[in-house]
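Notes to accompany the following structure.
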Amino acid sequence: MPRLGVWIGASTADICVRLAAQMLATVVIARLLPAEDFGLAMLALSVAALLGAFIGLPFEEALAQRKRISTGHLGTALFSSLALAVVALVIVIAISAPLGHWIGAPGLAIWLPLSTAFLLAQGPGSITRALARRQRNFVELAVCQSLSVIIATVVAIALAYAGSGVLALVLQRMLPIALYPVLGAIVAIVRGRSPMVAPIFVRARFDEMFRFSWLYFGNTAVHYAIPAAMTFLVNMLFGTRVLGQLNIAMRLAEPVRQGVQGVGHNLVFSLLTKLRAEPRFLVREAIEVSTRVASIAVPSFLGLAVVAPFVLPILAGPGWDDAVPLAQAFCLVAAINAPFLYIFSGFSALGRPEYELTSCILALLAMVGLLLLAAELGSTRGIGVAVIGTEIVLNGTGLIFVATYLGAEIREPLFRILRIWLASGVMTLALAGATPKIEMLGTPIPALIAIVIGGVLLYPPLLFVFCRPCFEFLEAMVLRRKGFAS
């Protein structure tokens with residue numbers, strides 16, 4: 001499948017470019033700003049992310065998921081998303097000042113409305129992305145996403161040097177939302193396509209999207225409420241400085257996880273939608289993708305947890321030592337979540353977002369309970385335990401729904417994932433045991449290189465021993481350049 005190879009190549013390049021830009025911004029900005037600025041920006045951005053998910057994602061998924069769409073569907077989706085954005089901005093302007101006063105962050109009165117204003121572009125961006133996914137223009141999608149992040153990174157770094165720290169952090173995250181539909185329109189004009197659609201409301205088209213959209217709307221609301229609730233609870237229970245440490249900790253694994261998942265979801269969703277007529281086969285293919293991703297993602301993120309004490313000082317500079325255990329917790333979260341995301345992609349392609357909604361509700365309850373317990377014990381490390389426990393509940397519930405389709409057939413792919421974890425765990429323990437001796441190398445970069453080389457050398461033979469089919473998949477992918485279709 002040569003075309004699939006081009007899509008994967010373009011998407012991989014997009015991930016690498018965006019990750020490099022985000023890392024560069026972190027390297028510069030973390031050395032210029034105090035933890036409190038990162039905490040304040042995280043408060044504003046978590047609310048904006050939650051609102052943005054309401055405004056764009058349900059319509060994007062509904063448009064991408066439907067067999068056929070018309071300009072009426074597009075115009076209705078745009079009208080609805082713009083209306084929601086305006087309502088969200090009005091509400092935020094009204095509540096941001098009292099909310100900031102209540103949680104002890106008065107700066108929220110400025111930064112939350114500013115962040116929310118960018119969401120007026122969320123609807124056009126979501127429609128542009130949905131059309132790219134339907135038409136499988138993944139190369140155009142990758143180029144526009146990469147360019148938007150590069151431009152935002154340059155602007156953020158310039159503002160940080162100028163002394164506008166929180167503004168730099170806000171624009172680093174929100175400016176790409178406004179840039180993406182603009183770049184998409186430019187590409188459409190160059191390609192001779194219409195660059196935009198008029199916002200209209202057609203009740204019949206709205207009703208056709210409503211069943212999927214309202215379930216996905218609820219699912220998205222709870223899914224994005226998890227990090228938003230975590231942000232506000234950490235700020236209220238542990239303070240803005242600890243929240244700033246959490247922000248830096250998330251910058252180690254989360255950009256990689258989100259980049260891989262965002263691109264992977266689009267590709268896998270596009271392939272799985274062809275199987276909607278055979279739900280059992282679709283779900284089986286989704287968990288097969290999860291198994292294959294696990295063979296790469298689990299050792300990668302567990303290895304990243306081992307090198308976190310070396311990488312974080314390089315990334316963020318001195319003064320962020322308290323973020324290291326939190327960063328390791330998020331690496332473990334990514335190792336759990338990155339593969340299992342694709343079972344939820346399968347449910348979305350199947351038109352059953354209620355499965356993810358149920359999983360997210362249970363995960364949100366678990367996260368709140370675990371954070372309150374951590375505060376009661378007075379342990380900041382309990383924050384890491386809370387996010388790991390949340391992820392276990394989320395994905396464990398998703399697997400229960402998979403089992404309702406596959407029955408006992410689920411045991412075989414799950415057993416393969418377990419064997420991947422065993423191989424990755426042995427590798428991680430070996431690297432962690434060797435770390436004290438590696439630290440004798442002195443400076444962090446040689447130690448980091450030594451650990452990475454050790455992991456690359458250890459993992460393949462361990463995978464060969466614990467999971468021969470998984471090893472053969474990796475061998476095929478590396479040596480014969482076969483992808484998910486192999």
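On a full-extension model of 0.36 nm per residue, what is the gain between Leu32 and Glu354, subtracting their alpha-carbon distance, rounded to one decimal in nm? Don't jump to the answer; show the numbers that get you there.
Details: separation 322, 0.36 × 322 = 115.92 nm, distance 4.36 nm.
Gain on extension, Leu32 to Glu354, equals 111.6 nm.
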**Q.** Full-extension gain in nm, Val139 to Val452, via 0.36 nm per residue minus C-alpha separation
**A.** 109.6 nm
Q | Most to least packed among 362-369, 169-176, 229-236 [average Cβ atoms within 10 Å] | A | 169-176, 229-236, 362-369
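If R0 is 25 Å, what FRET efficiency do you get for Glu288 and Ala13 from their C-beta distance, rounded to 0.05? Mind showing how you got there, number by number?
On the way: r = 25 Å, r/R0 = 1.01.
The formula returns an efficiency of 0.50 here.
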Q.
List the Cys residues of the chain that have no partner Cys with a C-beta closer than 4.7 Å.
A. Cys16, Cys144, Cys331, Cys360
Q.
Over the Cα atoms of region 233-282, what radius of gyration and what Dmax do you get, in Å?
A. 18.3, 51
Q | Fraction of alpha-carbon pairs over 18 Å apart in region 80-170 - percent | A | 61
(Q) Between Glu412 and Ala432, what's the calculated FRET efficiency when r is the beta-carbon distance and R0 is 30 Å? Round to 0.05. (A) 0.45
Q: Tell me what the chain gives for mean residue ellipticity at 222 nm when only DSSP H runs of n ≥ 4 count, each as -39,500 (n - 2.57), the sum divided by the residue total, rounded to 500 deg cm²/dmol.
A: -30000 deg cm²/dmol
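Assuming 0.36 nm per residue, please report the length gained on full extension of the stretch Ile151 to Ala277 beyond their Cα-Cα distance.
41.1 nm
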Q. Ser164 accessible area, nearest 10 Å², 1.4 Å probe?
A. 40
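Quick check of the Kirkwood formula: for the chain, what is the inverse mean of 1/r over all pairs of different Cα atoms, in Å? The partial results should precede the final answer.
Numbers: mean 1/r = 0.0430 Å⁻¹.
One over the average 1/r among Cα pairs gives 23.3 Å for the chain.
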Q. Ignoring any ligand, DNA or RNA, what whole percent of the accessible area of the chain comes from carbon and sulfur when the probe is 1.4 angstrom?
A. 71
Q) Given a Förster radius of 41 Å and the C-beta distance between Val465 and Ala198 as r, what FRET efficiency does 1/(1 + (r/R0)^6) yield to the nearest 0.05? A) 0.10
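The values are calculated or read from the model by the stated rules, or taken from the named source; none is laboratory data. Nothing here was measured: the structure is a model prediction, and the numbers come from that model. Backbone-built Cβ (ideal geometry, glycine too); neighbour counts: all protein chains shown. Note: areas computed on protein heavy atoms with side chains; ligands, DNA, RNA excluded. Shrake-Rupley method; radii C 1.70, N 1.55, O 1.52, S 1.80 Å.
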